[in-house]
Every structure is written in C-alpha cells, then in structure tokens.
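The values are calculated or read from the model by the stated rules, or taken from the named source; none is laboratory data. Please read all numbers here as calculations on a predicted model, not as lab measurements. Neighbour counts run over all protein chains shown; Cβ positions are idealised from the backbone, glycine included. Accessible surface areas use protein heavy atoms only, side chains included; no ligands, DNA or RNA. Shrake-Rupley method; radii C 1.70, N 1.55, O 1.52, S 1.80 Å.
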Amino acid sequence: MRVAAPDELNENAFPVMTAKLSEGELTEWFPVSFQEIDDPWAAPEPSKGALVKLDAGEYLVLDYGKDSSQLTVRIPSGIDASECLASLFREVPLPRSRVLWRRADARLPRHVAANTVVAPSVRKK
C-alpha cells in the first residue's frame with residue numbers, strides 16, 4: 001500500500017465499507033500519511049483522509065472520523081467491490097468484527113487472517 005497522488009484517481013469514489021477502529025490502529029494498520037480535514041463543509045466531523053493504492057492496484061479513498069473513530073472506505077464505481085475488499089484485507093489485518101457496514105454487493109473475504117491479530121496493548125502509567 002502506498003499514498004497516491006491526488007491526480008491518480010480521476011473518478012468519483014463511493015462508500016463500500018465502514019469500520020470502527022482507534023486512531024492507533026489506523027496508524028498501525030494503514031501506514032500512510034493522512035491529510036487533516038477540518039473544513040465543516042467537507043466532513044461532518046474533524047477527520048483525516050488519504051488516497052491510497054493497494055499492492056494489487058486498486059485505489060481506495062480512506063476517511064477517518066476522529067470523534068466517531070469510524071473509517072469509511074470508498075472505491076471507484078468501476079471496480080468489483082468484493083475483489084477490492086479481498087485485496088484490502090490481504091494487506092490490512094482488520095478484524096471482521098470491526099466492520100460496521102458494507103455495501104450489499106460487497107462480500108467480506110472468508111480468509112481474513114486478521115481473526116488472529118491482537119490489538120496493541122494499552123500502556124500502564
């Protein structure tokens with residue numbers, strides 16, 4: 001996965017999935033730079049976003065709401081939603097239990113290895 005330049009995606013992207021994760025998990029599981037979005041006309045809450053290209057070639061728009069701790073994954077309309085999610089889950093150890101919503105035409109992959117992933121432990125002070 002890598003950050004993509006803004007001009008690499010020339011079509012609209014539509015939501016395919018939302019997931020709940022902490023900001024620490026976002027940083028660990030999506031090791032790309034995010035842009036701060038603090039324009040109330042652009043997002044309903046303070047957010048950060050990124051355009052990424054997966055190793056398999058698909059582009060994703062990632063929007064993370066800081067107040068809700070929800071990640072929205074958007075994809076271009078011309079690609080297969082299930083295949084795109086399979087590519088995403090091959091690269092990101094996101095547990096299936098974190099998925100809050102997915103589009104009706106998008107299946108989650110069965111092989112999600114993330115079922116064995118342990119979230120980072122909280123440090124005691």
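Some points to look at:
- Tally, over the range 23-34, of residues that are surrounded by fewer than 18 Cβ atoms within 10 Å (Cβ to Cβ) and either of a type in the set (A, V, I, L, M) or in contact with a Cys (Cβ under 9 Å, 6 or more places away or on another chain) (or both): 1
- Residue that is at pLDDT below 95, touching a Gly at 6+ places or on another chain (Cβ under 8 Å) and either surrounded by 12 or more Cβ atoms within 10 Å (Cβ to Cβ) or at negative phi (or both), where the choices are Ile37, Ile79: Ile37
- For the residues Leu62, Leu51, the requirement of being in contact (Cβ under 8 Å) with a residue 40 or more places away in the chain and either open to solvent by 30 Å² or more (accessible area, probe 1.4 Å) or outside any loop (DSSP other than H, G, I, E, B) (or both) singles out Leu51.
- Odd one out for Leu88, checked against (1) under 18 Å from Leu108 (Cα atoms); (2) outside any helix (DSSP H, G or I): (2)
- Sole exception among (1) open to solvent by 60 Å² or more (accessible area, probe 1.4 Å); (2) of a type in the set (A, V, I, L, M, F, W, C); (3) at pLDDT 95 or above for Leu71, by number: (1)
- Yes/no for Arg96 being at pLDDT 90 or above and either of a type in the set (Phe, Trp, Tyr) or in contact with a helix residue (DSSP H, G or I) (Cβ under 9 Å, 6 or more places away or on another chain) (or both): no
- Members of the range 80-97 that are free of Cβ contacts under 8 Å to residues at least 24 places away in the same chain and in contact with an Asp or Glu (Cβ under 7 Å, 6 or more places away or on another chain): none
- In this structure, Ala56 qualifies as within 16 Å of Met1 (Cα to Cα) and out of contact with any strand residue (DSSP E or B) (no Cβ under 6 Å at 6 or more places or on another chain).
- Entry remark, the range 12-48: residues being more than 22 Å from Arg107 (Cα to Cα), assigned to a loop (DSSP other than H, G, I, E, B) and not hydrophobic (A, V, I, L, M, F, W, C) number 9 in total.
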